[in-house]
Amino acid sequence: MLRDQPPFIQCLLGTGFTWFVTAAGAALVFIFKSANQKLLDYSLGFGAGVMTAASFWSLLDPAFRIAREESHIDYRVNFCLIILGFLFGGLFVHITDLLLPSITSKQVFQVISNKKTDEYKIKKPNDACSTLKMNSAVRSRLKHNQDGKNRFHTPIGDSPMDESKNFIENNEEQAKWHRLLLLIIAVTVHNFPEGLAVGVGFGSISSSNNSTSAFNQARNLAVGIGIQNFPEDANFFLHARRFCRDSDVKVSI
């Protein structure tokens with residue numbers, strides 16, 4: 001029984017469960033290899049509903065209940081701390097969204113968009129032999145979209161840097177990259193407090209006045225976080241695949 005295991009094993013099994021559900025959600029990318037926009041919209045709506053419900057009933061509601069019933073200090077102080085933590089999380093995502101335009105530089109987009117075999121070599125401007133080497137695969141991706149039609153008509157004689165600049169400055173591609181990067185940051189950062197919550201939940205059982213109730217709360221917390229991780233990572237990887245397919249970016253998922 002999980003209840004009879006030491007706290008370390010309980011924490012390990014709890015976080016292992018959340019990881020397994022996360023991997024299961026990400027595995028949907030191998031099933032829906034040609035996700036259309038309608039499927040992506042449905043997945044976003046479903047994921048938003050599940051994550052909102054899990055955020056309240058698995059995190060906020062238990063936090064308020066524990067603050068009122070098991071706190072050794074004034075529960076109003078704990079209430080303020082919980083609300084401040086909630087607001088800080090929203091503020092963090094908002095600030096990240098504001099800073100992304102400066103973070104999404106041309107150099108970063110080039111690194112993400114091109115394969116590891118793409119070769120760039122830029123020398124100093126005052127060098128008479130200043131060149132930029134770009135292999136044929138990159139030129140092909142810059143000139144053609146997924147339908148095989150010309151996306152950019154670059155006159156003969158233009159440098160590969162001009163082609164790359166035209167590709168990077170495409171507003172639609174930049175907007176997609178912006179949304180995907182924000183989703184990556186949000187999903188990555190919020191996994192830290194989720195794992196912390198599961199670990200603290202199981203680790204605090206021994207110091208609780210009612211170990212049975214504390215164990216049930218920790219178990220329910222791990223299950224709730226695991227459930228909301230499924231649509232969360234399914235959304236992320238489906239959108240990542242769609243973005244990479246539309247942009248003709250080759251990545252390994």
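The values are calculated or read from the model by the stated rules, or taken from the named source; none is laboratory data. As the structure is a prediction and not an experimental result, all values here were calculated from the model. All Cβ positions, even for glycine, are placed from backbone atoms using ideal geometry, and neighbour counts span all protein chains on display.
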Only residues in segment 47-72 that are at pLDDT 75 or above count as the first member; pair them with residues that are exposed (fewer than 14 other Cβ atoms within 10 Å of the Cβ) and of a type in the set (K, R), Cβ under 9 angstrom, at least 6 apart or cross-chain, and list the lot. A67/R76
So which residues in segment 203-218 are under 11 Å from I66 (Cβ atoms), outside any helix (DSSP H, G or I) and in contact (Cβ under 8 Å) with a residue 40 or more places away in the chain, if there are any at all? S208
Does S159 meet the test of being over 23 Å from A48 (Cα atoms) and at pLDDT 75 or above? no
Quick one: in segment 15-46, of everything that is polar (S, T, N, Q) and at pLDDT below 80, which residue is nearest to G203 (Cα to Cα)? S43
Do we find that F32 is assigned to a helix (DSSP H, G or I) and either over 16 Å from the mean Cα position of the chain (by Cα) or of a type in the set (G, A, S) (or both) in this structure? no
Out of L221, L196, which single residue is out of contact with any strand residue (DSSP E or B) (no Cβ under 8 Å at 6 or more places or on another chain) and touching a residue at least 40 places away in the same chain (Cβ under 8 Å)? L221
Of all the residues that make up segment 217-233, how many are within 15 Å of N191 (Cβ to Cβ) and not acidic (D, E)? 10
